[in-house]
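Report on the following structure.
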Amino acid sequence: EPISLSFQENDLQFEFAVLDLRQPFKNRYKVKLEGAENEWRKIGNQAYERYPLLAPGSYTFHVIGANSDGYWNKEGASVSFKITPPFWKAWWFWTLISVSGFGMIVAAYQYRIYQLRQIEHTRKRIADDLHDDIGSKMSSIALMVDVTGKTLGLEGEQQEQFSEISDTARQVVDDLRDAIWLVDAGHDDLAALGVRMKQVTNQILRGQPFHFQKPGTLPTVPLKMEQRRHLFLIYKEMLHNIIRHAQASHVEIQISYTNEQFTIRVDDDGVGFDPSNVRRGRGLTNLHTRARLLNGSLEIDSKPGEGTRQRFTVRMA
């Protein structure tokens, strides 16, 4: 049977002899270590051979000899042995490492999914709480202010103050609705964003003639909450700019998604302005900042008396 050696027993020396003692200095030897070399090797009358630092594997050491008359014993002698690899080089060890590594990756992925679901659950709970608690109370305040103002029969400055309080309360309710929508994890896709953009257009441009055009259904491209927030606020700021400054008689809005590219286009026929002379206020600064954060392209083209064209484009892939 082959001799079994550990990976640490890999410095071997073999000793041998031709049984001819008449003139031993004329004896000759050839050796071959099967598993490490393919050809016989002459070593003269050296009656030993050393193999240091053998790699793990199976070997057979062969030796043949010739006497002083030059006659070779062609059968020779041999010994088989194997050097076992260390456990960290064994196939079962690497199989175990591979299985363990794969298991850790799967476990990490499952834990990440669990965390995301927990975050989504928390976001939904916060949105529900805001809607059911604070939202309903603010709506009640706005309604009570209206009823109180009518009941008291106020006029003049007092009536204006009550109206301002009522308008402020309603504005807070509208802002709260936006916050609820942004927090709610059920709206983390482009299709939900398109629906909300149509809703907020009706609110902001109330009383302002406009045409809103978008595909029947935008694709459900997933969006991170921060992406959705920036896109939504970019669109709202475009509309607010029209209400504050444009004095437009008509607004044309187009939302599109083509070749993984999402585009918002808002045109008005208002008074326009000279982009080279206008002082960039907080609104324009926020527009450019949000566009840069999304790696998008923002273009604002306007001339005095010729309206304004606002265009934002971002690749979603």
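The values are calculated or read from the model by the stated rules, or taken from the named source; none is laboratory data. As the structure is a prediction and not an experimental result, all values here were calculated from the model. Cβ coordinates were reconstructed from backbone atoms using ideal geometry, including for glycine residues, and neighbour counts include every protein chain displayed. With ligands, DNA and RNA removed, areas are computed over all heavy atoms of the protein, side chains included. Shrake-Rupley method; radii C 1.70, N 1.55, O 1.52, S 1.80 Å.
A straight Cα-to-Cα reach below 13 Å connects Lys236 with the aspartates and glutamates Asp174, Asp175, Asp178, residues fewer than 8 places away in its own chain not being considered.
At an R0 of 35 angstrom, the distance between the Cβ atoms of Arg41 and Lys89 translates into a FRET efficiency of 0.80. Leaving out same-chain residues fewer than 8 places away, which lysines sit with a Cα under 28 Å from that of Lys26? Once the sequence-local lysines are set aside, what remains near Lys26 is Lys42, Lys74.
Please give me the summed charge of the neighbours of Val271: other residues whose Cβ is under 13 Å from its Cβ, Lys and Arg +1, Asp and Glu -1. Once positives and negatives cancel, what remains is -2. Dipole magnitude for the chain: about 1020 debye, using +1 per Lys or Arg Cβ and -1 per Asp or Glu Cβ, origin at the Cα centre.
In the context of the full set of protein chains, residues of the chain present 64 Å² of accessible surface per residue (probe radius 1.4 Å, heavy atoms only). Rounded to the nearest 20 debye, the dipole size of the range 160-317 about its Cα centre is 380 debye, using +1 on the Cβ of Lys and Arg and -1 on the Cβ of Asp and Glu. Between the C-alpha center of the range 89-121 and that of the range 17-41 there is a gap of 57 Å. Run the numbers on the range 156-251 and let me know its relative contact order in percent, using alpha-carbon pairs under 8 Å that are six or more apart. Rounded, it is 35 percent for the range 156-251. Shown for the chain: the carbon plus sulfur share of the solvent-accessible area, taken with all protein chains present and a 1.4 angstrom probe, equals 53%. From helices alone, the chain scores -14000 deg cm²/dmol at 222 nm; the rule is -39500 (n - 2.57) for each run of n ≥ 4 DSSP H residues, then divide by the residue total.
Short-range pairs are left out: with C-alpha atoms under 8 Å and at least six residues apart, the relative contact order of the range 25-66 is 54 percent. So what's the gap between the Cα centers of the range 179-194 and the range 248-317, to the nearest angstrom? Cα centroid of the range 179-194 versus Cα centroid of the range 248-317: 22 Å apart. The gain in end-to-end length when the His240 to Asp11 segment is fully stretched comes to 74.0 nm, 0.36 nm per residue minus the alpha carbon separation. For the chain, what relative contact order do you get, as a whole percent, if you take Cα pairs closer than 8 Å and at least 6 residues apart? Normalised by residue count, the contact order of the chain is 11 percent. Summing charges over all other residues whose Cβ lies under 15 Å from the Cβ of Asp301, with Lys and Arg as +1 and Asp and Glu as -1, gives -3. Values (i) 68; (ii) 63; (iii) 46 are given for comparison; percent of Cα pairs over 27 Å apart, derived from the coordinates here, is the one labelled (i).
Our note on the geometry: Cα centres of the range 52-73 and the range 202-226, 87 Å apart.
In summary, no helical segment of the chain meets the span-like criteria, namely a full DSSP H run, a Cα extent along the axis of 30 angstrom or more and a mean Kyte-Doolittle hydropathy of at least 0.5.
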